[in-house]
Amino acid sequence: MVNEMANVLNHRIDFKVVFSVAGANPNGDPLNGNRPRQTSDGYGEVSDVAIKRKLRNRLQEMGEKIFVQSQDRADDGLKSLKARADSVKELKGQKDESKYQEVACQTWFDVRAFGQVFAFDKGSSVGVRGPVSIQTARSITPIMINDMQITKSVNSKDATGRSSDTMGMKYSIDYAVYQFNGSINVQLAEKTGFTEEDANAIHEALKTLFYNDESSARPAGSMEVLRVYWWEHKNKLGDESPAKIFRTVEIKPNEGVDVVKSTEDIDWGSADSAAKTIQCDKLDIFED
């Protein structure tokens, strides 16, 4: 893809985000009755898809044009991805794959950041690989899930007495700390036109990830970003491998703490010191 956008990102960026959950369900599993996602060994998980959904919402609120919009947040009146793509004159009926990719990346922030598959016509599709990768979040200690039986005060349909759909379950976690990693790949940024300004927008969105994200499962204030570690390297390949960086900065409870109940139970000092040992051009540690 020919990129004509100025100020394209020219150095790799890696990041780690640490957040807390207090009395909430951070990411329900629809295949398990909407219980909080959990690994086989008891650690909590939040899927990368859920994290990118929150990022898209924040970026949209920050004024960026987003292709994959939530139905309840659509700001253009369009009800499907195909309708949104066809609303751009240069894309409707476009057969040149490179031109399609170029226009889509220039039009929508999330396409040039995360990539997208445009598969609306039978037998044909256009794929874009985005430079921003997000990993699944995992809790630093095993989680305990609270089960609550709930009822509705009215039947959904006419029935004699209470119908079966008046009963349900609600789940929450008293307290847990999660972390996830991510990177921005320069080679893919050059192809999609992802810029320095775009990277700054991602950085800001990560800091405010849970603003305006409240729901019955996630009450206001129940999810909070605690730390954002943001490493900017000197070159395209980076000064250290992402694996080494992420492995070095370990978020863990204080010695002797088995159950994390607040931020005071976290050993931030060793994590911050480890972050600074990485030989990169710039390190920003955001603390809420």
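The values are calculated or read from the model by the stated rules, or taken from the named source; none is laboratory data. Everything numeric here is computed off the predicted structure, so don't read it as measured data. Note that each Cβ is placed from the backbone with ideal geometry, even for glycine, and that neighbours are counted across all protein chains shown. For the accessible areas, the whole protein counts, side chains as well, though only heavy atoms, and no ligand, DNA or RNA atoms are used. Shrake-Rupley method; radii C 1.70, N 1.55, O 1.52, S 1.80 Å.
With respect to the conditions (1) under 18 Å from the mean Cα position of the chain (by Cα); (2) open to solvent by less than 40 Å² (accessible area, probe 1.4 Å); (3) β-branched (V, I, T), V126 lacks only one, and its number is (1). Only residues that are closer than 17 Å to M223 by Cα and either open to solvent by 20 Å² or more (accessible area, probe 1.4 Å) or within 16 Å of the chain's Cα centre (by Cα) (or both): list them for the range 11-24, please. Residues satisfying the conditions are K16, V17, V18, F19, S20, V21, A22, G23.
Summed over the range 212-271, residues that are more than 20 Å from I202 (Cβ to Cβ) and either touching a helix residue (DSSP H, G or I) at 6+ places or on another chain (Cβ under 7 Å) or of a type in the set (S, T, Y) (or both) total 13. Consider the range 83-107 and keep the residues that are more than 21 Å from A201 (Cβ to Cβ) and among the small types (G, A, S). The one that is nearest to the chain's Cα centre (by Cα) is A85.
Every listed requirement among (1) within 18 Å of the chain's Cα centre (by Cα); (2) closer than 26 Å to N200 by Cα; (3) exposed (fewer than 11 other Cβ atoms within 10 Å of the Cβ) is met by D110 save one, (3).
Would you say D165 is modelled with pLDDT of 90 or more, open to solvent by less than 80 Å² (accessible area, probe 1.4 Å) and among the acidic types (D, E)? When the stated conditions are applied, D165 does not pass them.
For the range 258-270, the candidate set comprises residues that are outside any loop (DSSP other than H, G, I, E, B) and in contact (Cβ under 8 Å) with a residue 60 or more places away in the chain; within that set, the residue that is surrounded by the most Cβ atoms within 10 Å (Cβ to Cβ) is I266.
Scanning the range 207-251 for residues that are out of contact with any strand residue (DSSP E or B) (no Cβ under 6 Å at 6 or more places or on another chain), basic (K, R) and part of a helix (DSSP H, G or I) gives K244, R247.
So that you can scan it fast, the table gives a plain yes or no per residue for (1) over 18 Å from Y178 (Cα atoms); (2) of a type in the set (A, V, I, L, M); (3) open to solvent by less than 30 Å² (accessible area, probe 1.4 Å):
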position: L209; (1), (2), (3): no, yes, yes
position: S222; (1), (2), (3): no, no, yes
position: E232; (1), (2), (3): yes, no, yes
position: L237; (1), (2), (3): yes, yes, no
position: P242; (1), (2), (3): yes, no, no
position: E250; (1), (2), (3): no, no, no
position: G256; (1), (2), (3): yes, no, no
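Which residue out of T263, T208, T192 is modelled with pLDDT under 95, of a type in the set (S, T, Y) and out of contact with any His (no Cβ under 7 Å at 6 or more places or on another chain)? So the residue among T263, T208, T192 that is modelled with pLDDT under 95, of a type in the set (S, T, Y) and out of contact with any His (no Cβ under 7 Å at 6 or more places or on another chain) is T263.
Any chance the range 238-261 includes a residue that's touching a Phe, Trp or Tyr at 6+ places or on another chain (Cβ under 8 Å) and farther than 20 Å from D284 by Cβ? The answer is yes; a qualifying residue exists.
Criterion first (of a type outside the set (A, V, I, L, M), open to solvent by 50 Å² or more (accessible area, probe 1.4 Å) and touching a Leu at 6+ places or on another chain (Cβ under 8 Å)) does E287 satisfy it? Considered against the rule, which asks whether it is of a type outside the set (A, V, I, L, M), open to solvent by 50 Å² or more (accessible area, probe 1.4 Å) and touching a Leu at 6+ places or on another chain (Cβ under 8 Å), E287 comes out as yes.
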